[in-house]
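The values are calculated or read from the model by the stated rules, or taken from the named source; none is laboratory data. Since we're looking at a predicted model, the values are computed, not measured. Ideal geometry is used to build each Cβ from the backbone, glycine not excepted, and the neighbour counts take in all protein chains shown. Accessible surface is based on the protein model in full, side chains and every heavy atom, while ligands, DNA and RNA are left aside. Shrake-Rupley method; radii C 1.70, N 1.55, O 1.52, S 1.80 Å.
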Amino acid sequence: MCRWFAYISPEEPCLLSDVLITPANSISKQCSEHYLPQLLPHGEEKELDDAPDKLLRMRNSLLNMDGLGVAWYTDTAADYSSPLSGPRPALYKSQSPPFNDFNFRSLCSNTESKCVFAHIRATSGSVVTQVNSHPFVFGRHTFMHNGVVSNFSDIRRDLTDLLSFDAYCNVLGTTDSEHVAALYLTNLTHHGTKDTWEKEYTIEQMRAALIKTVIEVLELQHKKLGAKAAPNSLNLCATDGKKIVAIRFRNHESQQPPSLYWSEFAGRTLNHKYPGKPDDDSVNQEATKEAEEHGRHTIVASEPTTHDINEWHLINRNCALLVDEFGTETEVPIHYDAKFNAVDPTA
């Protein structure tokens with residue numbers, strides 16, 4: 001399945017190459033190798049063939065090489081345009097695997113940001129093309145997904161009927177994920193026009209809009225397919241450059257959603273200005289700052305990007321992680337009607 005990585009901080013920028021390329025388990029290397037503490041036994045994280053969980057083997061045995069994308073927030077647009085204020089996303093997408101993309105590597109080596117979204121795609125059936133790569137941008141808001149909206153072709157037309165006109169027009173590709181992103185913006189802005197995409201919303205408004213989006217997808221599937229609906233894997237993440245809402249969700253009675261972790265410490269280990277290295281316990285001889293100088297930050301990622309298991313928390317099944325503008329993290333359960341739980345036909 002896909003992999004994604006999100007970094008956000010109210011004060012501490014990261015160098016993109018530090019978090020996306022350099023670590024041994026950076027998202028750039030998760031095309032083919034995986035590290036899944038608490039889901040696979042410690043020390044056996046790469047031994048997928050022996051994993052007893054069939055769903056875990058299936059999700060992580062695929063090569064994620066169907067496109068990459070990165071969005072990073074910068075104040076540049078606001079500095080040159082008086083109607084704008086605050087950070088706005090810059091966006092780069094490619095069909096190339098990350099280590100074959102010279103432009104991606106050069107960009108990451110020379111760009112810093114306080115908010116970064118990165119995504120490596122494994123298609124669930126739609127065309128491999130740049131517009132189908134995540135993240136998806138709507139004004140100041142950015143969105144990405146790991147997983148699949150089950151039976152998407154069956155509900156696609158009904159789902160588009162729920163979208164605001166401007167959100168529908170902003171869907172450039174064919175993926176289930178971009179349609180879900182458009183539905184999220186429709187709910188966040190209460191069917192607002194394109195100008196409402198430039199507004200800030202509270203962390204609670206973002207959470208409510210994302211959960212409403214998930215429930216609406218489940219309702220469409222239940223209405224259209226009834227007992228034939230299959231479970232969804234919806235690891236979704238949205239940001240406005242200052243706040244993040246991420247969910248780890250699967251509408252099944254017992255199956256786990258795809259992996260999703262968060263950390264309030266790993267950014268310091270990844271940043272080569274500070275002591276410590278992401279791949280071992282050695283001291284970073286190039287460090288120019290003390291560890292305690294690093295600002296508050298949060299990373300949310302499909303897989304840990306440092307090998308210190310103590311730096312990472314596995315987000316609980318069917319829960320949302322909220323990170324507000326001050327960097328405060330809160331994990332809350334997602335409540336939904338159990339009638340929407342589906343049966344996995346492959347189990």
- request: Please give the number of the condition residue 166 fails out of (1) under 14 Å from residue 238 (Cβ atoms); (2) open to solvent by 10 Å² or more (accessible area, probe 1.4 Å); (3) not β-branched (Val, Ile, Thr).
  value: (1)
- prompt: When only residues in the range 333-347 that are assigned to a loop (DSSP other than H, G, I, E, B) and farther than 12 Å from residue 255 by Cβ count, which is most open to solvent (accessible area, probe 1.4 Å)?
  reply: 335
message: So residue 242 passes all but one of these: (1) at pLDDT below 95; (2) open to solvent by 10 Å² or more (accessible area, probe 1.4 Å). Which condition number does it fail?
response: (1)
message: Can you say whether residue 158 is among the charged types (D, E, K, R), in contact with a Lys or Arg (Cβ under 9 Å, 6 or more places away or on another chain) and at negative phi, as far as the supplied structure shows?
response: yes
field: Filter pass, residue 295 being under 30 Å from residue 212 (Cα atoms) and either open to solvent by 70 Å² or more (accessible area, probe 1.4 Å) or in a loop (DSSP other than H, G, I, E, B) (or both)
entry: no
Residue pairs meeting the criteria (Cβ under 6 Å; at least 6 apart or on separate chains; first more than 18 Å from residue 219 (Cβ to Cβ), in the range 162-180; second among the aromatic types (Phe, Trp, Tyr) and surrounded by 19 or more Cβ atoms within 10 Å (Cβ to Cβ)): 170/138; 178/136
field: Residues that are modelled with pLDDT under 90 and touching a strand residue (DSSP E or B) at 6+ places or on another chain (Cβ under 7 Å), drawn from the range 246-296
entry: 284
task: Could you tell me which of the residues 249, 340, 326 is within 30 Å of residue 223 (Cβ to Cβ) and touching a Pro at 6+ places or on another chain (Cβ under 7 Å)?
output: 249
statement: By residue number, the members of the range 52-92 that are at pLDDT below 85, farther than 24 Å from residue 303 by Cα and among the aliphatic types (A, V, I, L, M) are 84
message: Restricting to the range 181-199, name every residue that is in contact with a Lys or Arg (Cβ under 7 Å, 6 or more places away or on another chain) and touching a residue at least 40 places away in the same chain (Cβ under 8 Å).
response: 197, 198
query: Pick from 8, 21, 27: which is surrounded by fewer than 20 Cβ atoms within 10 Å (Cβ to Cβ) and modelled with pLDDT of 70 or more?
result: 21
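Out of the residues in the range 84-110 that are in contact (Cβ under 8 Å) with a residue 60 or more places away in the chain and farther than 25 Å from residue 21 by Cβ, state the one that is least open to solvent (accessible area, probe 1.4 Å).
Looking at residues that are in contact (Cβ under 8 Å) with a residue 60 or more places away in the chain and farther than 25 Å from residue 21 by Cβ, I get 86.
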